[in-house]
Structures are given as structure tokens and as C-alpha cells.
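Taken together, the values in this text are just the output of simple stated rules run on the coordinates, not laboratory data. On a predicted model such as this, the values are computed, not experimentally measured, just so you know. Here the Cβ is made from the backbone with ideal geometry for all residues, glycine too, and neighbour counts use every protein chain on show.
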Amino acid sequence: MKVSVYKIPNHPVKIEQTQVQRNWMDDTYDRHAYKCFPVSLANSIGWSISFLEDIEFVWDGVVDTTQDHVKILKSPPNVCNLGRGNATISFNSGLYFRTDENTSIISIVPPNYFIDGATPFTSIMSTSFYDEAFPIAWRITRSHQNIVIPAGTPVATLIPVSLEKLSLIELEVYDKTFDPEALQEKREYLEEWKKISEQGKFSNFYRDAVDHKGQSIGSHEKKSLHLKITDLTTKNER
């Protein structure tokens, strides 16, 4: 699958694979948070959109359809827009996406980034015909507080998806039963996991796809994500 992206020249935006690193994870003891494999893998899913300068704004707590209640305190030129009202702020991505009709793009909250007081909307766009810059909007959830999105912090993570293929997936729900032998294995697993956790360590059972005896129980579809991006702009800017 290929997705074409057209970038307004000199627009202060960057698109790249979402990075694994998070400041709050760096600050955990011995960078302990990175040892949680599901979180670290999810960190790098999709392509993130960020801006090259800080963005700062404040909301006065009033919710209506006017744009009078959010004030932009700092922003790169031609980026922020208050036209939506209702305690929201939107961003001009400067990026135009084109896909085939069987591919849409879902915009999600950048995985495991946290901005106190505001959060991105999740949306799905049909990018086979949509001919405007990809829309990004945030809902402000805390009033009378300056909200800062530091430069380089993703404002959205984009993932191309086939809604047609998704709609063909069927979940079948069954009763969960355990035989006595399986229950004993589960108890032993939990006891081993508890011993390791009490030492402040990760078991790595899931990461390595093994049981508490070190025996293989399967394999991951992918253990790391390396998403492709090819810069074809005239100034090779990303």
C-alpha cells in the first residue's frame, strides 16, 4: 500500500514514524517503563504530525459555538484555528493525503503522550477524494490554564486502514473454561510472575512469548515497527 502526501512548502510541520521515546518513560526508575513491551511497541505505531514551534493557548471555560473563548498565546504562523468553537482548537496540518478508495486514514491520540488539559479528537477520513489539508482538532478539557504543546510533540498519529477489511472481521465470543491441569499451570505462572515483580523486574514472558518455564508458547506478528517514508519534496523537508 502506498499513500501520497502533499506538503505545503515551508509549512512548519513534520511527519514521521511516531517515536518510541517518551519523556515520562525516560523519567521512570532505570527507564523501567520501556520494559513494558506492549506499551513500547504501541508507541511507534503510525505516522505522527508535529509542529516545529511551541503552541500555547487558554480557554475561559465557556462552551458555545463562537471562537471568543479560546485565546492563542503562541503558535507558528498559519497553524492554529478557533473556528470550531465549543472549547476546541484545530491545527492546519499543511498535509494533503491521497489514497485509493479502499483506504481511509484514522487519526488517533498519539500513543502514550499526555498533555494535561487538552486531548486530540479521534477521526476517520476518506482520503480518496478529500481535497483539503488533513484536519486535526483538540478538545480543551481544563479552563483558565495555559495549555502548552511543546515543539515536536505529536498532535495526531495517522494510521491508514481498510474499513472494508475491518468490517469483514467477526468476533466470536465463547465461554472460557479451564481444566484442572491448566488451572495449576496458571497458578504456577502467576506465582513466578509475582516473585519477579516483587523484585522490581519484568518477567519478559510476554515479550519473549514464553511461559514461566521458558518454553515457547507462540510468536509475535512483529516485535518492532519500521514504517516507511520517502521524501520527494523539492527541498527534501519532512
Legend entry - Rg and Dmax [Cα atoms of the stretch 173-232; Å; Rg one decimal, Dmax integer]: 17.2, 60
Inset, instruction - Within 10 Å of each residue's Cβ, count the other Cβ atoms and sort Leu166, Leu158 from fewest upward. - result: Leu166, Leu158
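Just check the chain against the gyration tensor rule for me: Cα atoms, a ≥ b ≥ c as the square roots of the eigenvalues, rounded for a/c under 1.5, and otherwise prolate or oblate depending on whether a/b exceeds b/c.
Working: a/c = 2.04, a/b = 1.66, b/c = 1.23.
In terms of gyration-tensor shape, prolate.
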Inset, instruction - Could you work out how far helix 180-198 tilts from the main Cα principal axis of the chain, as a 0 to 90 degree angle to the nearest 10? - result: 60
Inset, instruction - Per residue of the stretch 78-91, in order, report the coupling 6.51 cos²θ - 1.76 cosθ + 1.60 (Karplus, θ = phi - 60°) as ³J(HN,Hα) in whole Hz, putting x for Gly and Pro. - result: 6, 10, 8, 9, 10, x, 6, x, 6, 6, 10, 9, 10, 10
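Quick one: dipole size for the chain, taken about the Cα centre, charges +1 on Lys/Arg Cβ and -1 on Asp/Glu Cβ, in debye to the nearest 20. Walk me through the numbers before you get to the answer.
Numbers: 26 positive and 31 negative charges, 124 e Å.
In debye, rounded to 20, the chain gives about 600.
If each DSSP helix of 4+ residues adds -39,500 (n - 2.57) and the sum is divided by the residues in the chain, what number results at 222 nm, nearest 500 deg cm²/dmol?
Numbers: 5 runs with 39 residues, N = 238.
Computed mean residue ellipticity for the chain: -4500 deg cm²/dmol.
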Legend entry - Separation in nanometres of the label points that stand 7 Å from Cα toward Cβ, at Asn146 and Ser197: 4.1
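Do you know the relative contact order of the stretch 173-232, to the nearest whole percent, from alpha carbon pairs under 8 angstrom that are 6+ apart? Let's see the in-between values first.
Values: 23 pairs, mean separation 10.9, N = 60.
18 percent.
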Inset, instruction - Round to a whole angstrom and tell me the spacing of the C-alpha centers of the stretch 20-41 and the stretch 169-238. - result: 16
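Which of the pairs Lys2/Lys186; Lys2/Lys74; Lys14/Lys223; Lys201/Lys223; Lys14/Lys201; Lys176/Lys223 have their Cα atoms more than 32 Å apart in this structure? Before the final figure, lay out each step's value.
Details: Lys2/Lys186 44 Å; Lys2/Lys74 35 Å; Lys14/Lys223 26 Å; Lys201/Lys223 20 Å; Lys14/Lys201 36 Å; Lys176/Lys223 28 Å.
Result: Lys2/Lys186; Lys2/Lys74; Lys14/Lys201 exceed 32 Å.
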Inset, instruction - Taking GluC sites (Glu not before Pro) as candidate sites, keep only those in a DSSP loop with at most 11 other Cβ atoms within 10 Å, then name the longest stretch of the chain containing none of them. - result: 1-100
